[in-house]
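One structure is given below, encoded as structure tokens.
Just so it is clear, none of the values below were taken in a lab; they were calculated from the coordinates. Keep in mind that what you see is a predicted model, and the values were worked out from it rather than measured. Note that each Cβ is placed from the backbone with ideal geometry, even for glycine, and that neighbours are counted across all protein chains shown.
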Amino acid sequence: MSFETESPITIRFIHRNERRALDRLAELEGRDVPDAPFVVAEVDEQIVAAVATEGDAATLADPFLQTAQIVSLLEIQARGLRGRRRKPLAARLRLAA
């Protein structure tokens, strides 16, 4: 899968029923999924990266996509959420070229 540089990115908390998306990212990276809440980045209706908002700030990303900028956005968001109660999160961003 590839996405255009102008594809909208949605950053949000992952829903309980989307755990398979985290499992898919972890499998691609050969890692386990920590038991923690995650913020995720969705591009073209697919979750491409995730960062834990508690614990060791685990990061999962599709290694076959260029997700470095997306992961940076998620890490900033996750850092701001650490130690806070979970609040609704919805952001539409455009990936800079």
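Worth pointing out:
- Residues in segment 35-52 carry Karplus couplings, in order, of 7, 8, x, 10, 9, 10, 10, 10, 10, 6, 6, 10, 6, 10, 7, 8, 9, 5 Hz; the curve used is 6.51 cos²θ - 1.76 cosθ + 1.60 with θ = phi - 60°, and Gly or Pro positions show x.
- Listed peptides 53-61, 29-37 by packing density, highest first (mean Cβ within 10 Å): 53-61, 29-37
- Theoretical FRET efficiency, 1/(1+(r/R0)^6), r = Cβ-Cβ of Leu28 and Arg82, R0 25 Å, to 0.05: 0.50
- Residues listed by number, segment 26-51, amide nitrogen under 17 Å from Ala68 label point at 7 Å toward C-beta: 49
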